[in-house]
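Only the coordinates and a few stated rules stand behind these numbers; no lab work does. These figures come from a predicted structure and were not determined experimentally. As a convention, Cβ positions derive from the backbone with ideal geometry for all residues, glycine included, and neighbour counts pool all protein chains shown.
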Amino acid sequence: MVLKDDITIISNKTGGIVNKNENLMAYVPEGYTCTQLINAAKHGTPMLKIGFSSPKIMITAGVHGNELPAQIAALWLAEELKDKNINGTVYIIPFAIPDATMKNSRRFKGFDMNRSASKEGSISNKILNAIDDLNIVSISDFHSTKPRSNPGIESVFCSKNPCPESYIIAKYITKSMSSKIICHSTAGSLYSGAIEDECNIRGIAAVTCEVVSENCEVTHGSPERSYLQMIYYLKYFGLI
């Protein structure tokens, strides 16, 4: 479903009224682009396209609906970039699962979508298919981790095989932000079904970026750190 030339609905089975999430909305700026994405989320998973040239990359947030900082940061980024000329194309999915964001829930229909990208019909699988269809060369999936959990620190997950650029991207972001790199030797070796792992297995360079924040809340400074991770990801590819 295409709502506007630059906003597409990837799945119409995930829609939610995300502005019911008061903790999220307390940080969302007033702006045309944010309003359009929030309205589009009622119909399903919205994807915003900014730019027209190569390279084509993607930023996703909200695979876990109760991890709010990255979703806020993605809206900030969309509002910031919408009217700028960038050196490539970035697709931004601020709410992978609007229904889960609305409910402040980690799961969707009982399942963790960060373990479901290999399962046909799941929303994370639909995002994976969109990545293939759009000829995306890289994706960064943004999350938050609560303190005293795993990993519980600001970090970037990556792997070295079969897509070594995953590690190079993670190294660039973590060095720029003085955060930790968490690298697995082979994509999917620890667990399967994350968008990052499934992309790297397909040869599409991918990382997962984490900032520290309590679940269902917005810990002070966490959206800003997530936003910076997004900025350095864009800078790695020379888009800004």
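With R₀ fixed at 25 Å, the C-beta to C-beta distance from Lys109 to Ser189 puts the FRET efficiency at about 0.35. Overall shape: rounded for the chain, with the ratio a/c of the largest to smallest alpha carbon gyration tensor axis below 1.5. Take every DSSP beta bridge whose two residues both sit in the range 2-236; close to 35 percent of them are antiparallel. Under the simplified labelling scheme, the Arg148-Arg202 pair shows an inter-label distance of 3.9 nm, with each label point 7 Å from Cα along Cα→Cβ. For the pair the range 52-109 / the range 161-228, the C-alpha centres are spaced 15 Å from each other. Among the listed pairs Lys20/Lys49; Lys42/Lys103; Lys13/Lys103; Lys13/Lys42; Lys56/Lys175; Lys84/Lys171, those with a Cα-Cα distance over 20 Å are Lys20/Lys49; Lys56/Lys175; Lys84/Lys171. With neighbour counts taken as other beta-carbon atoms within 10 Å, the residues Ser189, Ser179 rank, fewest first, as Ser189, Ser179. Rounded, prolate or oblate: which one fits the range 71-146, using the alpha carbon gyration tensor with axes a ≥ b ≥ c (rounded when a/c is under 1.5, else prolate when a/b beats b/c, else oblate)? Oblate shape, in that a/c is at least 1.5 and b/c is the bigger or equal ratio. Ordered by the count of other Cβ atoms within 10 Å of each Cβ, fewest first, Asp133, Asp197, Asp112 give Asp133, Asp112, Asp197.
Using just its DSSP H runs of length 4 or more, each adding -39500 (n - 2.57), the chain gives a mean residue ellipticity at 222 nm of -9500 deg cm²/dmol after division by all residues. Working from label points 7 Å from Cα in the Cα-to-Cβ sense, the Lys82 to Glu22 distance is 2.6 nm.
With neighbours defined as other Cβ atoms within 10 Å of a residue's Cβ, the residues Tyr233, Tyr91, Tyr27 order from fewest to most as Tyr27, Tyr91, Tyr233.
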